[in-house]
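Novice: Have a look at the structure that comes next, please.
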Amino acid sequence: MRPIHITDTTLRDAHQSLWATRMQMADMLPILPKMDSVGYWSLEVWGGATFDAALRFLDENPWDRLRIIKRHTPKTPLQMLLRGQNLVGYRHYSDDIVRRFVHASKRNGIDVFRVFDALNDRRNLEVSAEAIKECGGHFEGAISYTVSPVHTLDSYLEFAQELKDMGADTICVKDMAGMLTPFRTEKLVRSLKSEIGLPVHVHCHYIGGMAPMNYLKAAEAGADIIDTAVVALAFGNSQPAVEMIVAALKESPYDSGLDIDLLFEIAEYWEAVRERKKLKRGVTSLMHMEVFSHQVPGGMLSNLASQLELQKATDRMPDVLKEIPRVRAEVGYPPLVTPMSQIVGTQSVINVLTGKRWAVIPQEMKDYIKGSYGKAPGPMDERIVAKVLGSESPLSPDVRPGALVTTTYEQMAEEIGDLAHSEEDVLMYALFPNEARAYLQTHQEGAEKAVFMMGEEVNTVMEETDSMDMNQIHELIKLVETSDVSEVVIEEGDSRVVVRRGGAAAAPAPVAPVAAPAAAASPMPVSPESPQDVDAGAGAARPTSWKAVVAPMVGTFYRAGAPGADPFVKVGDVVEEGQPLCILEAMKLMNEITAEENGIIREVAVENAKPVEYGTVLFYYEPGV
Ligand code: CO
């Protein structure tokens, strides 16, 4: 007998993949004890996009969430997804912030740290790996799996050996895009088992439907642990359903031994939540199935869809899907996982929308090409590198990218000041400054400790205490939902629960791409400018020799590269081809618009920080000089 162990991803990956990470604490609470009694190897409950989404969209403190889950699941190890030096954010953080974050996660309830780097660059995992070992956590080193000419079996084995050298307790094969096939799985798992010798954990997304076959082959090849989700949140972009996998492996040497009836009890609970909240179940569309051709992960597809919607160009999706593999090849085949999926995806959208490949390049893509994210898996197109770097030289391979980040924990602590009451508060601020500040301001001492939104109509505010009776709370919610009562308050001992019918503010946040690259942080403040410089309303006929620079995308127009900086150009400036003219913030990235030819700026047609449509004239210039 080689029973297979199972990790349940319902509370992290499954709702990140299907519900845009909008599962709330109150959805989880009533079922946690039952999930704890199943006998899972681990419950993946935290990290990935959940930290960001809880703060940004759900008005929940992610640390509270972790502590509450831990209290209700004492028997099962809790697991999180950590993006190496990016932690649960979208850019590198300094080493001391990485260390403190790992220690704080352990202290608040995480046992298993699954750590990955989008580029499989060991240097981006070193510091978190060390910190995990320091605090006695389980270090699961993950291989970001993809298919490309430079990703060979040997390259994966080499990386797995590096993970082992860093102290990995288990190796995870992380197939975020659904690119694994049964026979690729078998070969990879068998080699990992024989060459590396560590337990192997296989993480598949269902997407095109290969995952259950992969798991069967993985089990046969000696895999130790596989990832599944409850059926209500399985399939499609999520993991395969646990009920199916448990049933499939019965009467085999790999029988998980889990109680299928208990699993169905849990499934019924989640199905009811899903129906009450009118949330989607996982389905595989043709476009998802085509991952076997375009290799674009499901989560990325939904991000692309919302980007294109914003740009009023949903009909360009097929072109974008053709463009993505091209861009990916040109920049050395990065695996399409956060943040590379956003960077490659956005570049592809821009290439398609502007109709000119590589004419506009977001800062994140420039940073990647420079090497700031780590080493690209394969060689890049030299013409693009030359265009992006100009006379600058790429980052030396001896420099660990994370070591370049200089913002320290102490600086962050000073910045947030008295609003932070704990190391956890400061860390939250260090990772997501705007969201954390807003959260800490509205939840100062004396305010409610946690806010839970229930359903679409009802808003529950409660103070988390040990004596809280979730059944009673759910009864209350039902009462408020089905009556004209707008608010019910119950006070019992030291616990106070308010169930309130939500107004507009309490409605769930609109589903928007959760994963956003670094530049998403904040729109730039308006920088000073001389009003006579801007002549937006001028209707007078302009000389025929003037030409227009138009917005290649929908976005926000900025005249300067940074808050408070001087504008790139003023009326009368002589500009050379390739010189930056302005920034267009679009798709959460800062995109530099450059001059297409030499000329003189004759008019700045839009005010700073104003939204512009596709085709809006930004500048008039006179070519030549
Ligand atoms: Co995943």
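Novice: Give the separation of the Cα centroids, region 288-365 to region 1-71, in Å.
Specialist: 29
Novice: If packing is taken as the mean number of other Cβ atoms within 10 Å per residue, what is the order of 341-348, 194-201, highest first? Present the calculation step by step, with values, prior to reporting the outcome.
Specialist: Numbers: 341-348: 26.1, 194-201: 17.9.
For the peptides 341-348, 194-201, the packing ranking is 341-348, 194-201.
Novice: Right, here's the next one. What do you get for GluC sites (Glu not before Pro) in region 332-415 restricted to DSSP loop and a cutoff of at most 16 other Cβ within 10 Å of the site's Cβ?
Specialist: On the way: sites: 364, 382, 392, 410, 414, 415; in loops: 392.
Taking region 332-415 and a limit of 16 other Cβ atoms within 10 Å, the loop GluC sites (Glu not before Pro) found are 392.
Novice: Could you compute the net charge surrounding residue 545? Neighbours are other residues with a C-beta less than 10 Å from the C-beta of residue 545; K and R count +1, D and E count -1.
Specialist: Numbers: positive: 542, 547, 602; negative: 622.
Net local charge, residue 545 excluded: +2.
Novice: Determine which lysines satisfy two conditions relative to residue 280: a Cα distance under 22 Å, and not lying fewer than 8 residues away in the same chain.
Specialist: Result set, ordered by chain and number: 478.
Novice: Does region 1-150 come out rounded, prolate or oblate by the C-alpha gyration tensor, with a ≥ b ≥ c the root eigenvalues, rounded set by a/c under 1.5 and, if not, prolate when a/b is larger than b/c and oblate if not?
Specialist: On the way: a/c = 1.43, a/b = 1.28, b/c = 1.12.
Rounded.
Novice: Could you work out how far the C-alpha centroid of region 243-282 sits from that of region 396-413, in angstrom?
Specialist: 44
Novice: So if R0 is 45 Å, what FRET efficiency would residue 158 and residue 283 give, r being the distance between their Cβ atoms, rounded to the nearest 0.05?
Specialist: On the way: r = 37 Å, r/R0 = 0.83.
After rounding to 0.05, the efficiency reads 0.75.
Novice: List nothing, just return the count: lysine pairs in region 5-276, 8 or more apart or interchain, with Cα separation under 20 Å.
Specialist: Lysine pairs, 8 or more places apart or on different chains, close enough: 15.
Novice: Please report Rg over Rh for region 294-404, where both radii come from the alpha carbon positions and Rh follows the Kirkwood definition.
Specialist: Details: Rg = 14.0 Å, Rh = 14.4 Å.
Reported Rg/Rh (Cα atoms, Kirkwood Rh): 0.97.
Novice: Taking 0.36 nm per residue of sequence separation and subtracting the Cα-Cα distance, how much length would be gained by fully extending the chain between residue 150 and residue 71, in nm to one decimal?
Specialist: Working: separation 79, 0.36 × 79 = 28.44 nm, distance 4.49 nm.
Gain on stretching residue 150 to residue 71: 24.0 nm.
Novice: Give the long-range amide H neighbours of residue 547: residues separated by 5 or more places, or on another chain, with amide H under 5 Å away, using H modelled in the peptide plane at 1.01 Å from N.
Specialist: Those lying under 5 Å, H to H, from residue 547 are 621, 622.
Novice: Tell me the label-point distance for the pair residue 183, residue 548, using the 7 Å Cα-to-Cβ offset, in nm and rounded to one decimal.
Specialist: Each label point is offset 7 Å from its Cα along the Cβ direction, giving 5.6 nm.
Novice: Rounded, prolate or oblate: which fits region 5-276 when a ≥ b ≥ c are the square roots of the eigenvalues of the alpha-carbon gyration tensor, with rounded for a/c under 1.5 and prolate only if a/b beats b/c?
Specialist: Values: a/c = 1.59, a/b = 1.06, b/c = 1.50.
Taking the square roots of the gyration eigenvalues as a ≥ b ≥ c, region 5-276 is oblate.
Novice: Let me ask you something else. Can you give the Rg and Dmax of region 375-439 based on its C-alpha atoms, in angstrom?
Specialist: Rg, Dmax (Cα atoms, Å): 18.1, 51.
Novice: Can you figure out the FRET efficiency of residue 415 with residue 107, using R₀ = 25 Å and their beta-carbon distance, to the nearest 0.05? Numbers along the way, then the final one.
Specialist: Working: r = 23 Å, r/R0 = 0.92.
The computed FRET efficiency comes out at 0.65.
Novice: Can you give the translational diffusion coefficient of region 556-615 in µm²/s, computed by Stokes-Einstein from the Kirkwood radius over Cα pairs at 4 °C and 1.567 mPa s?
Specialist: After rounding, the answer is 109 µm²/s.
Novice: Quick one: net charge around residue 347, please, counting Lys, Arg +1 and Asp, Glu -1 for every other residue with C-beta under 11 Å from its C-beta.
Specialist: On the way: positive: 326, 328, 357, 366; negative: 323, 330, 364.
Computed value for this residue: +1.
Novice: Same structure again: Lysine pairs in region 294-404 8 or more apart or on different chains: how many have alpha carbons under 19 angstrom apart?
Specialist: Close lysine pairs under the 19 Å cut-off: 9.
Novice: Just to confirm, what accessible area per residue do you get for region 5-276 at 1.4 Å probe, in whole Å²?
Specialist: Ligands and nucleic acids excluded, the figure is 28 Å² per residue.
The values are calculated or read from the model by the stated rules, or taken from the named source; none is laboratory data. Please read these numbers as outputs of a predicted model, since none were measured by experiment. Cβ sites come from the backbone with ideal geometry, for glycine too, and all protein chains shown count toward neighbours. For accessibility, only protein heavy atoms count, side chains too; no ligands or nucleic acids. Shrake-Rupley method; radii C 1.70, N 1.55, O 1.52, S 1.80 Å.
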